[in-house]
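Below: one structure, written as structure tokens.
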Amino acid sequence: MKGKFNPPLGQFSQIKGKCISLVGDDIDTDRIIPARFLKCVDFDSLGKSVFADDRKALKGNHPFDLEANKGASILIVNSNFGCGSSREHAPQALMRWGIKAIIGESYADIFYSNCIAIGIPCLTLSKKSIKIIQKYIENKDLFFEIDLLKSTAKSKDLNFNIEIKETSRKMFLSGEWDTTSKLMDNNDLIENKLNNLPYIKFNSSF
């Protein structure tokens, strides 16, 4: 788990970072964050517990425990990642560990939506391309520059045209994914609407 957590805010088009690979299809949300950790009042403590059972079973040899993967922020996965229950804690745990973007073959729909809602782009590549990336990471560090505007993921040695749902891409480029910031930026409109709702106006005659 990294140091101080800094969530994404507003619009962005680029993500740069070191890649971490997690090999395997159908990795579900219970593996990402086991159910016993869902009792938390907020999400802040989830980062240290991401993949807790898998990491315990592998006794320090899990990708999220390896010294070589410290500081990684782009997760490389295979197919149907995030399947299982709809718990929003799964992407929250990944984000608080340090993940800023995910590149994979495919995702469970609800997991995908939960990621977009908190500012984690879920990008797709073919099975062949993912295998090339994962094989590369076995031998050396990989740093990607992801450009959402151009739909590319590049490094010194690798160059891919990535895919993302157009609606999701537009949300990141415009900042519309960040509903909290959008509300705060439009406080005047909210106040004006509030003041013009007849059923909550204060009546001074009482």
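The values are calculated or read from the model by the stated rules, or taken from the named source; none is laboratory data. Note that this is a predicted model, so its numbers are computed, not measured. For neighbour counting, all protein chains shown are included, and Cβ atoms are generated from backbone atoms with ideal geometry for every residue, glycine included.
Remarks
- Scan of the range 85-136 for residues that are of a type in the set (S, T, Y) and either in contact (Cβ under 8 Å) with a residue 60 or more places away in the chain or farther than 19 Å from D26 by Cα (or both), ordered by number: Y136
- The lone criterion from (1) free of Cβ contacts under 8 Å to residues at least 60 places away in the same chain; (2) closer than 27 Å to S106 by Cβ; (3) assigned to a loop (DSSP other than H, G, I, E, B); (4) not acidic (D, E) left unmet by Q11 is number (1).
- Pairs where the first residue, in the range 144-167, is closer than 15 Å to F12 by Cβ and the second is in a loop (DSSP other than H, G, I, E, B) and acidic (D, E), C-beta under 6 Å, 6+ apart: none
- Residue in the range 13-29 that is farthest from K150 (Cα to Cα), counting only those that are buried (at least 17 other Cβ atoms within 10 Å of the Cβ) and not β-branched (V, I, T): L22
- Residue match in the range 38-46 (condition: exposed (fewer than 14 other Cβ atoms within 10 Å of the Cβ), of a type in the set (K, R) and either on the phi < 0 side of the Ramachandran plot or more than 15 Å from the chain's Cα centre (by Cα) (or both)): yes
- Scanning the range 83-117 for residues that are among the small types (G, A, S), part of a helix (DSSP H, G or I) and either buried (at least 21 other Cβ atoms within 10 Å of the Cβ) or at pLDDT 95 or above (or both) turns up A90, A93.
- Scan of the range 49-65 for residues that are out of contact with any strand residue (DSSP E or B) (no Cβ under 8 Å at 6 or more places or on another chain) and surrounded by 13 or more Cβ atoms within 10 Å (Cβ to Cβ), ordered by number: S49, V50, F51, A52, D53, D54, R55, L58, H62, D65
- Among the criteria (1) at pLDDT below 95; (2) under 18 Å from the mean Cα position of the chain (by Cα), the one I76 does not fulfil is (1).
- Within the range 118-169, the set of residues being crowded, with 16+ Cβ neighbours inside 10 Å, within 17 Å of the chain's Cα centre (by Cα) and part of a loop (DSSP other than H, G, I, E, B) comprises I118, G119, I120, P121, L125, L148, I162, I164.
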